[in-house]
Amino acid sequence: MDVGVGAALDPKDTPGLAHFLEHMLFMGTEKYPIANEYDDFVLNNGGYLNAYTNNINTNFHFSIANESLEQGLDIFSHVFISPLLDKDCIEKEMNAVNSEHEKNLQSDDWRFWQLFSCSANESGIYNRFL
């Protein structure tokens, strides 16, 4: 599933918000309240999952064994229908997002895009922290 919101739409005073919310969505739902329950279900049923946030969108994707698809889709849909956004997970997920950022600092490509963003027109969507 691709959501047409990414880092370019983060408020200037809250850089990284879209990426942070990408992480928080998987920290339980009303129907499936255990944090990372979706991850565990997919991985325990022969699957793979990932998500990413770029400048203009946030993408969530997974694969799973055919016989587990119906329940996998149910869990996946509730991530968007009724996420808990549990305050007890905030610090952990902020650290996870920061850890990804720290890792990216070593990438020349990542540094190029950050330089591009910082030098873009201040009123445009590309003048944002990536």
| request: Starting from segment 62-86, take each residue that is farther than 17 Å from Val3 by Cβ and list its partners that are acidic (Asp, Glu) and exposed (fewer than 15 other Cβ atoms within 10 Å of the Cβ), counting only C-beta distances under 9 angstrom and pairs at least six apart or across chains. | output: Leu84/Glu30
| query | Among the listed residues Asn57, Asn45, which satisfies the condition of being touching a strand residue (DSSP E or B) at 6+ places or on another chain (Cβ under 6 Å) and touching a residue at least 12 places away in the same chain (Cβ under 8 Å)? | reply | Asn57
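Every residue in segment 109-127 that is assigned to a loop (DSSP other than H, G, I, E, B), open to solvent by 50 Å² or more (accessible area, probe 1.4 Å) and either under 15 Å from Pro15 (Cβ atoms) or among the acidic types (Asp, Glu) (or both), please.
Within segment 109-127, the subset assigned to a loop (DSSP other than H, G, I, E, B) is 120-127.
The next check asks that each one be open to solvent by 50 Å² or more (accessible area, probe 1.4 Å); those that pass are 121-123, 125-126.
Across segment 109-127, the qualifying residues are Glu122, Ile125, Tyr126.
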| task | Name every residue in segment 40-54 that is under 30 Å from Trp113 (Cβ atoms) and either open to solvent by 40 Å² or more (accessible area, probe 1.4 Å) or under 12 Å from the mean Cα position of the chain (by Cα) (or both), in order of residue number. | result | Tyr48, Leu49, Asn50, Ala51, Tyr52, Thr53, Asn54
| task | Considering (1) crowded, with 18+ Cβ neighbours inside 10 Å; (2) under 25 Å from Asn127 (Cβ atoms); (3) at pLDDT 95 or above, say which one Gly16 fails and leave the rest. | result | (3)
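Before we move on, is Pro33 within 30 Å of Asn127 (Cβ to Cβ) and modelled with pLDDT of 95 or more?
It is false that Pro33 is within 30 Å of Asn127 (Cβ to Cβ) and modelled with pLDDT of 95 or more.
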| note | Output for Cβ contacts, cut-off 7 Å, separation at least six or different chains, first residue open to solvent by 60 Å² or more (accessible area, probe 1.4 Å) in segment 1-12, second assigned to a helix (DSSP H, G or I), reads Val5/Ala18; Leu9/Ala18
| message | Please pick out the residue among Thr58, Thr29, Thr14 that is within 18 Å of the chain's Cα centre (by Cα), farther than 27 Å from Trp110 by Cα and among the β-branched types (Val, Ile, Thr). | response | Thr29
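The values are calculated or read from the model by the stated rules, or taken from the named source; none is laboratory data. This is a predicted model, so every value here is computed, not measured. Every residue, glycine as well, gets a Cβ built from its backbone with ideal geometry; the counts of neighbours run over all protein chains shown. Accessible surface areas use protein heavy atoms only, side chains included; no ligands, DNA or RNA. Shrake-Rupley method; radii C 1.70, N 1.55, O 1.52, S 1.80 Å.
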